[in-house]
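One structure is given here, and the rest of the page talks about it.
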Amino acid sequence: MSVKKYYKLAKHVLFPICRSLTGSGVRETLKIIKKEFPKLKIYKVSSGTKVFDWNVPPEWNVKDAYILDKNSRKIVNFKNSNLHLVGYSVPVNKSFSKKEIFEHIHSLANQPTAIPYITSYYKKYWGFCLSHNEKLKLYKNYRNSDKFKAVIKSNLNSKGCLNYGELILKGKSKQEILISTYICHPSMANDDLSGPIVSMCLINYFSKMKKLDKTIRFIFIPETIGSIAFLSKNLSYLKKNLVGGFNLTCIGDERRHSCMFSKYGNSVSDKALVAAYKRLKIKFKKHSFLERGSDERQYNSPGVDLPIASIFRSKYAKYPEYHTSLDNFNIVTEKGIKGGFDVAREAVEILVKKIIPKNKILCEPQMGKRGLYATLSTKDEKKIQRGYMSFLQYADGKNDLEDISTLLNIKLNLANKIYNILKKNNLVD
Ligand code: ZN
């Protein structure tokens, strides 16, 4: 069973890796996924590359990081948990007073057993993270006059790169479904690894299908900058061929199923997702697009306009363990992943099978030269003629056959008939 296999892989192999937006952790993660799926292609985009309004950041890598007390005892140690270091910390090797060092130690007073996950990607900073209980204990153990040494052996390489992975399952049609998930968080399970686990289960599932009606493209990217870099490379192709898809994040706990529709909430992806919940008899919560926080932001932005919905169990930022060391494989379970996978698989399957006609010609095609123009202006011929033209008006890749039959107020089998004639004449995809 694929859920068990990829769950175990994530828990035992991927979880300990120190991932960030860039660096060896992302590459190692992609290499492990590629071992499972050799068709995965690993791309790189050089640091400094302009991608829309952003620049790909320098590549960040860490060898070691710790704080030493006056007796050279390591009182905070990155090697015990990679959450102990603020992501993208700049290198440091310096002594500090007690007051100074504690200003660089972050904790959560209201979650005293959790190590917080903190990053500073775009502002130069260094810092450590500890559970609040640990921090208080340390604070009590030392005098105000005590000295400490912070050592961070990190590297920010402006000649480095950003990596992402892509796997394409070719279908009969060029029409494409995008499954996006991210691989940029260090040791956390729901906010990060749950998405890749479900994506791997989906690849495994759909690659076994004999005839896929549509192409499915899977991407494993660093969040935000990764989707921006990916879009800047592929936007015109995607705009032409993408019909829908899903962003998978926080999809492995056992709490309530939830989702976020694409921006206007009426895309084929949204409808496929609702149909999937219905088929599986799952009650779900719909989060407003105004609460977006993951890559749905990029896919739905003006001019990009790719109708991508997000599938969650607990939404990011809405569950207590979010962005802390408590987001681990105690809350992400095989059962939770299986539930998320079922919804995603069902939704993708519905989307793959949907007929989503797309007009191949700009403006009205000339029907006469194709023998589709009513030469006799009888009422019946005019009606059929109008049917073709109305169908073509709504064949913009945003409506499936059912939507079009509703819009035209005609029966589904008539819509299907018109579709087949238009397709035969090479007027729709
Ligand atoms: Zn996150």
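For the stretch 303-340, a residue qualifies if it is of a type in the set (Ser, Thr, Tyr) and away from the ligand (no atom under 16 Å from the Cβ), and exactly one does: THR333. Return the residues of the stretch 92-126 that are surrounded by fewer than 16 Cβ atoms within 10 Å (Cβ to Cβ), part of a loop (DSSP other than H, G, I, E, B) and away from the ligand (no atom under 15 Å from the Cβ); say none if nothing qualifies. Matches in the stretch 92-126: ALA109, ASN110, PRO112, THR113, TYR122, LYS123, LYS124, TYR125. Of the numbered criteria (1) more than 18 Å from the chain's Cα centre (by Cα); (2) surrounded by fewer than 17 Cβ atoms within 10 Å (Cβ to Cβ), the one SER288 fails is (1). Within the stretch 278-299, the set of residues being touching a strand residue (DSSP E or B) at 6+ places or on another chain (Cβ under 8 Å), within 11 Å of ASN247 (Cα to Cα) and part of a helix (DSSP H, G or I) comprises GLU296, TYR299.
Could you please find all residues in the stretch 197-211 being in contact with a strand residue (DSSP E or B) (Cβ under 8 Å, 6 or more places away or on another chain) and open to solvent by 10 Å² or more (accessible area, probe 1.4 Å)? Across the stretch 197-211, the qualifying residue is only SER207. Selection of the stretch 377-429 for residues being outside any loop (DSSP other than H, G, I, E, B), of a type outside the set (A, V, I, L, M), buried (at least 17 other Cβ atoms within 10 Å of the Cβ) and within 33 Å of the chain's Cα centre (by Cα) yields TYR394, ASP403, SER405.
Annotation note: of LEU83, LEU21, the sole residue that is buried (at least 20 other Cβ atoms within 10 Å of the Cβ) and assigned by TED's automatic domain parsing to the domain that holds TRP126 is LEU83. Each residue in the stretch 172-204 was checked for being within 16 Å of the ligand (Cβ to nearest atom) and in contact with an Asp or Glu (Cβ under 6 Å, 6 or more places away or on another chain), and 8 of them qualify.
The values are calculated or read from the model by the stated rules, or taken from the named source; none is laboratory data. The model shown is predicted, which means the values in this text are computed figures rather than measured ones. Neighbour counts are summed over all protein chains in view; Cβ atoms, including those assigned to glycine, are modelled from backbone coordinates with ideal geometry. To get the accessible areas, we keep the full protein, side chains included, count just its heavy atoms, and leave off ligands, DNA and RNA. Shrake-Rupley method; radii C 1.70, N 1.55, O 1.52, S 1.80 Å.
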